[in-house]
Number of protein chains: 2
Amino acid sequence: MARVVVDVMLKPEILDPQGQAIARKLPQMGYDGVVAVRQGKRFEVELEGEADEEALERVGQIAESLLANPVIENYEIRVI
Amino acid sequence: MARVVVDVMLKPEILDPQGQAIARKLPQMGYDGVVAVRQGKRFEVELEGEADEEALERVGQIAESLLANPVIENYEIRVI
């Protein structure tokens with residue numbers, strides 16, 4: 001059994017109003033020194049078998065079709 | 001300038017209906033071999049200065065008070 005992480009973030013050129021709202025709120029809460037915040041999604045995918053090349057290829061297809069919107073989001077797959 | 005990642009996941013004992021819905025959908029889409037999916041949030045926090053001990057301490061406070069709900073979520077901070 002293996003666990004794979006899929007990180008999904010908005011592409012850099014896409015505005016992230018959620019992250020901007022957090023970044024704007026921080027100074028009001030007394031936290032200085034944060035230039036920017038971007039918010040994305042993190043998926044932990046537990047596989048029945050090993051995280052071999054074929055399994056990671058399948059996770060990539062799942063990310064493309066279900067976890068991320070490839071038009072506006074990038075994704076990254078990591079075995080943990 | 002440093003970039004810090006805050007990963008926020010539901011605690012293991014907390015049900016994750018979003019992740020469950022994804023896991024249930026996969027076999028219907030032709031993807032077998034996935035036992036479970038859990039969905040969380042990933043924040044990229046860009047700091048004005050270095051990611052030293054004091055800055056990471058501050059990011060921890062931000063995570064506790066704004067990014068995560070410590071009652072139901074765990075968070076993890078990493079410098080990237």
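For this structure, a couple of remarks:
- Listing of the stretch B:58-80 residues, each with accessible area lower by at least 40 Å² in the full protein assembly than in the chain alone (probe 1.4 Å): B:58, B:62, B:66
- Residue B:56 contributes about 60 Å² of solvent-accessible surface, heavy atoms of the protein only, 1.4 Å probe.
- Using the Cβ-Cβ distance between residue A:2 and residue B:72 with R0 set to 25 Å, the FRET efficiency works out to roughly 0.45.
- The stretch A:10-50 residues near the modelled residue B:31 label - backbone nitrogen below 16 Å, point 7 Å along Cα→Cβ: A:41-50
- With label points defined 7 Å past Cα in the direction of Cβ, position residue B:48 shows copy-to-copy spacings of 5.4 nm, given to one decimal and shortest first.
- Residue B:75 sits among other residues whose Cβ lies under 12 Å from its own Cβ, and their net charge, with Lys and Arg +1 and Asp and Glu -1, is +1.
- Taking the 1.4 Å solvent-accessible surface of the stretch B:2-79 as the whole, the part contributed by carbon and sulfur is 48%.
- Heavy-atom surface of the protein assembly as shown, accessible at 1.4 Å and reported per residue (Å²): 57
- Helix A:17-28 and the long axis of chain A differ in direction by around 40°, with both axes built from C-alpha atoms.
- Rounded to whole Hz, the Karplus (6.51, -1.76, 1.60) HN-Hα couplings of the stretch A:38-55, x for glycine and proline: 10, 10, x, 10, 10, 10, 9, 10, 9, 9, 5, x, 7, 8, 7, 4, 5, 5
- Charge sum, other residues only, whose C-beta stays under 13 Å from residue B:66's C-beta, Lys/Arg counted +1 and Asp/Glu -1: +2
- Residue B:23 sits among other residues whose Cβ lies under 12 Å from its own Cβ, and their net charge, with Lys and Arg +1 and Asp and Glu -1, is -2.
- Normalising by residue count, the protein assembly as shown has a Cα convex hull of 121 Å³ per residue.
- Distance violations [Cα-Cα > 22 Å] among A:11/B:25; A:41/B:25; A:11/B:11: A:11/B:25; A:11/B:11
- Residue of chain B with the Cβ closest to the rotation axis carrying B onto A, and that distance rounded to whole Å: B:42, 2.
- Accessible surface of residue A:58 - all protein chains present, 1.4 Å probe, nearest 10 Å²: 70
- Put simply, the C-alpha atoms of the stretch A:2-79 give a gyration tensor, and the ellipsoid matching it has half-axes of 32, 14, 8 Å, longest first.
- Annotation for the A:B interface, with buried accessible surface near 2800 Å², both sides summed [1.4 Å probe; non-protein components not counted].
The values are calculated or read from the model by the stated rules, or taken from the named source; none is laboratory data. As the structure is a prediction and not an experimental result, all values here were calculated from the model. Neighbour counts run over all protein chains shown; Cβ positions are idealised from the backbone, glycine included. With ligands, DNA and RNA removed, areas are computed over all heavy atoms of the protein, side chains included. Shrake-Rupley method; radii C 1.70, N 1.55, O 1.52, S 1.80 Å.
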